[in-house]
1. Out of residues 5 or more away from residue 164 or on other chains, whose amide H comes under 5 Å of its own, with H placed 1.01 Å from N in the peptide plane?
2. What order, most packed first, do the peptides 534-543, 484-493, 557-566 have when packing is the mean number of other Cβ atoms within 10 Å of each residue?
3. Compute for the chain: radius of gyration divided by Kirkwood radius, i.e. Rg/Rh, restricted to C-alpha atoms, rounded to two decimals.
4. Ranked highest first by average number of other Cβ atoms within 10 Å, how do 422-428, 108-114, 495-501 line up?
5. For a test of the definition: using alpha carbon positions, the gyration tensor, and the 1.5 limit on a/c, classify region 508-576 as rounded, prolate or oblate.
6. Classify region 67-218: rounded, prolate or oblate, from the alpha-carbon gyration tensor (a ≥ b ≥ c, eigenvalue square roots; a/c under 1.5 rounded; otherwise prolate if a/b is larger than b/c)?
7. When only Cα pairs under 8 Å and 6 or more residues apart are kept, what is the percent relative contact order across region 448-531?
8. Please compute, over every Cα-Cα pair in region 384-516, the percentage with a separation greater than 25 angstrom.
Amino acid sequence: MRFPLLVRAALVFCLAASQLAPVVAFDDAKKGERDARNAPSSSVAARIERVEHGLLPPVLVKGDAGWSIEERMRHHKVPGLSVAVINDFKVEWVRAYGVKDVETKEPVTTETLFQAGSISKPVAATVALKHVERGRLTLDGNINDKLVSWKIPDNEFTAKRKVTLANLLSHTAGLTVHGFPGYAAGERIPTLPQVLDGAEPANTAPVRVDLEPGTKFRYSGGGTTVMQLALTDIERKPFPALARETVLKPLKMDDSTYEQPLSDAWRKRAASGHRAGGVAVEGKIHVYPEMAAAGLWTTPTDLAKFAIEMQLSLQGKSNRVLSRAMTEKMLTPVMDDVALGFFLQRYGKDKQSVYFGHDGADEGFRAMLLVHKEKGYGAVVMVNSDNGQIMGEVLRSVAREYGWDDYLPPPHEVLTLAPEKLDMYAGRYLVNPDRALVVAREGARLSVEQTLGPKFELLPVSETLFIRRDANLRYEFAPPTDAGGGKVSIRGGGGSAEAPRVAADALVPYELLAAGKVSEGVEAYRKIKKEQPANAAVTEGRLNNIGYELLRQKKYAESLAVFTLNAELYPQSSNVYDSLADAYRESGDRESAIKNYRRSLGMDPKNKNAAKWLKEWGQN
């Protein structure tokens, strides 16, 4: 079966060259006008130049020069990127780079539409809050009282508390379904009640309450979809029309629409989505009937207009959509730093610098919006790629250039250690039963190769403590003694791990498989499952990913062994048989593929991958 979105992004390795022809346009002129009146001042032009050549990694090192935006787009295989920078409560500049589609090579402009993913949610939340101000909804009333075409099924979790609009906007409704994959070209599009019930042709599970409302934060695009249905039930209008009337038109977001699917006129202006390796999404884009959760097509300029309105509304200087009081309520945390549609981020020693924003991820697209809550700066970055890593690099460059309060971490002072000191740390370390780090000295630095991961560099900030530029992780070495031993402690990202030093020939199960030692590798996984059944190394999803990685390498025997093991360990899962069938199909064993596709489809009649292949082979 196809990978979930984030897994596919990690496993796609095929590369496609992107043409990176920068295109410049500025916000002050009417759409399409690009003449001398739109040229930036020399000071702004200089700032743009510094931002474009100052992209920064998550961990800063003193003396490091920044990357260029073109360099990083090539590195990350991102076909197109668009950015809008906010300063002094205005869009100071916008710029676009690359191509809308790697096949057509049409250049991105600042008016090219991208899918905003979950940034659809705060815009949709503003639509809902406008209806609260109009008296059509309440924040704290039972949302079922407003729903007509579908109701949230009551159960033991709703006995004491009912789901409210405030719950839906703050992801505290106890509702299921994190996000939506959308629908590829040619697929049937479900109605919202079908989506919410997980009924054919919906491709996600039913949206149900399985936690008492108001007791816990849990991200739920399903909850946002309930909100969308409530609005359309109340007003008896399509959601795109409601959004245009209440938010998009008043804020002159003329390059934005919730229309799903896009009309031909809109589609001509829109980018195509791309996988992390740079190849186009099958069918170019996906359709999202879950419009409020994931369906907004827009530009960084329009999202910047929206963010500026929120900033100014907080100060009572512009209230074209919401009153100051409602905007303050929208940006007040409900639980932790989760507000009504937005997330708050706090920086600085006392967390006194507060920003608000949202990230977005649709099939083949990524987006980021972040602005200061009180001061008039921020930025929006959008790409037509499943790989959004470059967006953080751009934001950090903007933050450095514009002096954003407390946003950037302090840079590290890197030491120079003697080669013999570095040699003490070289060796093989076991992070978990199926992940090893191989540390080696390369000249005056340490390099690390990891199981099923990219190679990276370690930089010393003390004699024992090392950092890496690409991730906020710290590696502290305890060198071996005369009695042997040695380890590296890894800290960061909300977790920690102790990796003991092991013999150079102590291969983990994946390495055994990759080396062709199939039976040994499979037995090693069985041993982990028996002794540590909850270990992440032997989850169904990880074994599935490993099977596909081996399949990508055309190691058919190894791939089939992993998928067969996964079916042995997780026999109640339809997906394991679908994946096993994929491996049989690619290895040329159609009979075994048919057998397993049938078994998978029998367990899950919604399995479109199995149905597709059985139909193609005349096995309906």
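The values are calculated or read from the model by the stated rules, or taken from the named source; none is laboratory data. Keep in mind the model is a prediction, meaning the values are calculated, not measured. Cβ placement follows ideal geometry from the backbone for every residue including glycine, while neighbour counts extend to all protein chains displayed. All accessible areas refer to the heavy atoms of the entire protein, side chains included, with ligands and DNA or RNA removed. Shrake-Rupley method; radii C 1.70, N 1.55, O 1.52, S 1.80 Å.
1. 143
2. Numbers: 534-543: 16.7, 484-493: 14.7, 557-566: 22.8.
Most protected by this proxy first, the peptides run 557-566, 534-543, 484-493.
3. On the way: Rg = 25.8 Å, Rh = 26.4 Å.
A ratio of 0.97.
4. Numbers: 422-428: 18.3, 108-114: 23.1, 495-501: 14.7.
Final packing ranking: 108-114, 422-428, 495-501.
5. Values: a/c = 1.83, a/b = 1.20, b/c = 1.53.
The shape class here is oblate.
6. On the way: a/c = 2.56, a/b = 1.75, b/c = 1.46.
It comes out prolate by the Cα gyration axes.
7. Numbers: 99 pairs, mean separation 11.9, N = 84.
The value is 14 percent.
8. Details: 3207 of 8778 pairs.
Of the Cα pairs, 37 percent sit more than 25 Å apart.
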